[in-house]
1. In debye, nearest 20: dipole of segment 340-413 around its Cα centre with unit charges on the Cβ of K, R (+) and D, E (-)?
2. Positive end of the charge dipole of segment 1-87 (Lys, Arg +1 and Asp, Glu -1 on Cβ, about the Cα centre): tell me which of 42, 31, 72 has its Cα farthest that way.
3. For segment 358-394, which trypsin sites (Lys or Arg not before Pro) are both in a DSSP coil and crowded by at most 16 other Cβ atoms within 10 Å?
4. Heavy atoms only, probe 1.4 angstrom, no DNA, RNA or ligands counted: give me 301, 83, 471 ranked by accessible area, highest first.
5. List the residues whose amide H sits under 5 Å from the amide H of residue 39, counting only those 5 or more places along or on another chain, with H placed 1.01 Å from N in the peptide plane.
6. Heavy atoms of the protein only, probe of 1.4 Å, neighbouring chains included. What is the accessible area of residue 17 in Å², nearest 10?
7. At 1.4 Å probe size, put 264, 490, 331 in order of accessible surface, largest to smallest.
8. Set the bar at 23 Å for Cα to Cα. Now go through 370/479; 323/370; 251/370 and name every pair that lies beyond it.
Amino acid sequence: MQRNSAKSIIFYNGPTDKSSCGYCKKDKSSCSNGLWASSLTVEAYQDMIDRGWRRAGKYCYKSIMDKTCCPLYTIRCEALKFEMSKSQKKVIRRVTTFLKNGECEKNPVHTEQAEREPFMKCEVENIQNHDDKMKIMSTDYLLNEEQSTSDIGSSNDTLEIINEEVSKMDVPLNLNCNSEAQKVPKKVKPGKGADPNLPSSKKKFLRIQKKLAKDPNFVHTISPPEIKLLEEYIAENDSVCTGEDKKLRIKLVKMRSSSNSFEDEYAVYQSYQTVIHGDKIERCSREQFIHFLVDSPLQEEKSNHPHHPGYGSFHQQYWLGDKLIAVGVIDILPKCVSSVYLFYDPDYHHMVLGTYSSLREIHLVRELHKMSPNLKYYYMGFYIHSCPKMRYKAKIRPSYLLCPQKYTWHAIEKCIPKLDNKSYSIFDESDDTEDNDNFTIDHILVLYRGALMPYSTYKIIGHNQDEQIKEYKILIGPKLVRKLIYCIMD
């Protein structure tokens, strides 16, 4: 990765008032800490999500895990070891069938993990539902590398953070596919061979057992089945071309370069929000779309590899011929691809684009890893064990949850028994603590009235904010707090 001189500038807002929860529907039960990011390096944001933060537009938030009703656990998949499930394979075959003949497979798709939008909708609408009450800081902060001061535009805008979770949730898609009536199994008489209702592999096992019973010296060599990789499924998918109007193209576009297709994206977004989520048309303005799915605090950084797209925020567009049918909003970071949101044309709901786009993004991680060895994870946002619509994430294997206290990663299979017992759990019960930190709050860089200074200097000319600064340092962590610039407004 090529280093640049970008600075990370944030406005820390602290804990928000308790609000209604979009997951469990309880009133005044959800609480989190929040900050606005004017700009962030990709390294800084990587460190933030590894401490439980997540962004929606330029707003970043972190659940107060031991107090909120539905703790949000950061979840990631080790993409290089990704194991495809039968239902995920069915989704890709379903898309391939549609591309070939314009029809879906008749086999029903298990939809428990078919759609991934509900959790992202709740997270984004944490702020989006109240966009009419917010005024977003849009001043550009230019820091001179050779000087310790910066010009900062004056603004009377205030930062009003409203932390009310969405009150409605999407319902998993029930595909309208024909299913054959169940046939009554025939009774098998003794001595008639293996039960025909058993899977073929079971029948084979029974035959081998019989031969072993008759001849103890019988040796049977079983060849391990060939495992088809995700890349092979994707390659078959991409090779289908029955005409230009049915050719599926995946286009990765830098966030700031998506203006050429802005109207196409906005039309899909507006249709998705109104049809799939039932939003009123006035809640789907261009301003909201830009604030939460186009604006990003991440600074673009180039890669040393000539074919690497670089780092920052991107839109992964899905084109069917010349028609845009879906957009996945993602962040490409030093260690991962982080999923932000997905919206699609409701007319293509049958393609199960929630699952399909997740598989595409895992595939993207594996491709980028060839050019950037440290990039090997797929971050899926948050996992809420008490929310049934989140359970599909646990089936994207292998996946890991972030310990909310030690910030270490743990296999989700080992975490689930603890979460079954208690919604807020510590996965790392070791006595290990973070490295001794001699970086005091007095050393934290502060941007005040256009001047960059240590917090110790600000206290002399400004107001004492020790309690808030200490809270901020704990939430950000001793490593990252050295990299961020804490902006203080009058």
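The values are calculated or read from the model by the stated rules, or taken from the named source; none is laboratory data. Since we're looking at a predicted model, the values are computed, not measured. FYI the Cβ positions are ideal-geometry reconstructions off the backbone, even for glycines, and counts take in every protein chain you see. Ligands, DNA and RNA are excluded from the accessible area calculation, which covers all protein heavy atoms including side chains. Shrake-Rupley method; radii C 1.70, N 1.55, O 1.52, S 1.80 Å.
1. On the way: 10 positive and 5 negative charges, 70 e Å.
It works out to roughly 340 debye.
2. Going by the Cα projections, it comes out as 31.
3. On the way: sites: 360, 366, 370, 376, 389, 391, 393; in loops: 370, 376.
Those that pass, being in a loop and sparsely packed, are 370.
4. Numbers: 301 10, 83 115, 471 70 Å².
Descending accessible area places them as 83, 471, 301.
5. It is 9, by chain and number.
6. Result for residue 17: roughly 130 Å² accessible.
7. On the way: 264 75, 490 135, 331 0 Å².
The residues order as 490, 264, 331, largest area first.
8. Working: 370/479 28 Å; 323/370 31 Å; 251/370 19 Å.
Among 370/479; 323/370; 251/370, the Cα-Cα distance tops 23 Å for 370/479; 323/370.
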